[in-house]
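Undergrad: Here's a structure for you.
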Amino acid sequence: MSTATLPTDGTTGTTGQADGRIGLRAHARHTGALVRRNLLWIRQDPESMFDAVLMPIVFTLLFVYVFGGSIGQALGGGQEQYVQYVVPGLMAMMGMNIAMGVGTGFNEDFQKGVMDRFRSLPIGVSSVLLAKISVELLRMLVATTILLTVGVLIGFDITSWPGLFGAVGLAVVFGSSLMWIFLVLGVTMKNAQSVQAMGFLVLFPLQFGSSIFAPTRSMPGWLQTFTDYNPLSSLADAARGLMTGGPIAHDLLVTIGWSVALTAVMAPIAIHKFKTKS
């Protein structure tokens, strides 16, 4: 695998030693070089984009045409009503699924020795991690664009364009906070398969125990309690309110709160694990 040439500032030592001495401009330059390296890897391995390209198409068509009629009736309409309901919800799911790719890719880089090479260079830890997250956020934006395109083609009506951009921005903020969790998994798990397995164990209960695919009012009481505290429900409901109209204040604050909390807790852990991994 070819890599982009990383700029240096004349210092030597490990990443952990150099991190405190590198200025903001150097951090930005190093991050840009690493982003370019990750984008070059995607160009050399276009199959790595299959999940971002195909997943939004498959899931949108599957849920709309298999479940849309029955759930749409429960919503007081039909399939058209369900399209309005599920497309904003799927934005939340896209972010979580793409976030899992951060962990598996990070783990594979460790297995191949790429990260050991990075840690031997005079670049900051944050540059390595932020570059990984930046590229995955670009993949997330690609998946979201495809999702919205498919949604519009099958009847999704965007009632507020500023709300649309707000919903996409909110999904990006929450998705980036989830990526820190999967970076930690990528560093601590033994192989990429373990990261993926752990990710699915977390993803499935959170996705299906939420308001992404169906209203929660018909769920058992204990499950409704879980969905009330599930950040994916808040993100999905906030996206619906922004894109199609409705109350957003509570869900918006809850989603931002979860995003800040996850980043504040998991980012330092990810940096520490990256520095100390042997």
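Undergrad: How do His272, His27 stack up against each other in accessible area, from largest to smallest, with a 1.4 angstrom probe?
TA: Correct descending sequence by accessible area is His272, His27.
Undergrad: Next up: Might you work out the accessible area of Arg139 for me, using a 1.4 Å probe with all protein chains in place, and round it to the nearest 10 Å²?
TA: Here the accessible area works out near 10 Å².
Undergrad: Just by accessible area at a 1.4 angstrom probe, what is the order of Met94, Met219 from largest to smallest?
TA: Heavy-atom accessible area, descending, gives Met219, Met94.
Undergrad: Still on this structure: Return the carbon/sulfur percentage of the accessible area of the chain, one whole number, probe 1.4 Å, all protein chains in place.
TA: C and S atoms contribute 65 percent here.
Undergrad: In square nanometres and to one decimal, what's the mean projected area of the convex hull around the Cα atoms of the chain?
TA: Here the figure is 15.0 nm², rounded to one decimal.
Undergrad: Just how much of Val173 is accessible, in Å², when a 1.4 Å probe is used and the result is rounded to the nearest 10?
TA: Answer for Val173: close to 70 Å² accessible.
Undergrad: Let me ask you something else. Run through the range 136-242 and list the chymotrypsin sites (Phe, Trp or Tyr not before Pro) located in a DSSP loop whose Cβ has at most 14 other Cβ atoms within 10 Å. Show your work: numbers first, answer last.
TA: Values: sites: Phe156, Phe165, Phe174, Trp180, Phe182, Phe200, Phe208, Phe213, Trp222, Phe226, Tyr229; in loops: Phe156, Phe213.
Here no loop site has a sparse enough neighbourhood.
Undergrad: Which of these, Gly241, Gly169, Gly199, has the largest mean-square fluctuation under a Gaussian network model of the chain (Cα springs below 10 Å)?
TA: Gly169
Undergrad: So, one more: Suppose all protein chains stay in the model; what accessible area per residue would a 1.4 Å probe give for the chain, in Å²?
TA: On a per-residue basis, 46 Å².
Undergrad: Let me ask something else. Take the alpha carbon atoms of the range 171-203, find their center, do the same for the range 248-270, and report the distance between the two centers in whole angstrom.
TA: 16
Undergrad: When the helix-only estimate is applied to the chain (DSSP H runs of n ≥ 4, each -39,500 (n - 2.57), divided by the residue count), what is the mean residue ellipticity at 222 nm, nearest 500 deg cm²/dmol?
TA: -25500 deg cm²/dmol
Undergrad: Now, a different point. Which net charge results when you count Lys and Arg as +1 and Asp and Glu as -1 among the other residues whose beta-carbon is under 9 Å from that of Met115?
TA: Summing Lys and Arg as +1 and Asp and Glu as -1 gives +2.
The values are calculated or read from the model by the stated rules, or taken from the named source; none is laboratory data. Every value quoted in this text rests on a predicted model; they were computed, and no experiment measured them. Heads up, the Cβs are rebuilt from the backbone with ideal geometry, glycines too, and the neighbour counts pull from every protein chain shown. What goes into the accessible areas is simple: the full protein's heavy atoms, side chains included, and nothing from ligands, DNA or RNA. Shrake-Rupley method; radii C 1.70, N 1.55, O 1.52, S 1.80 Å.
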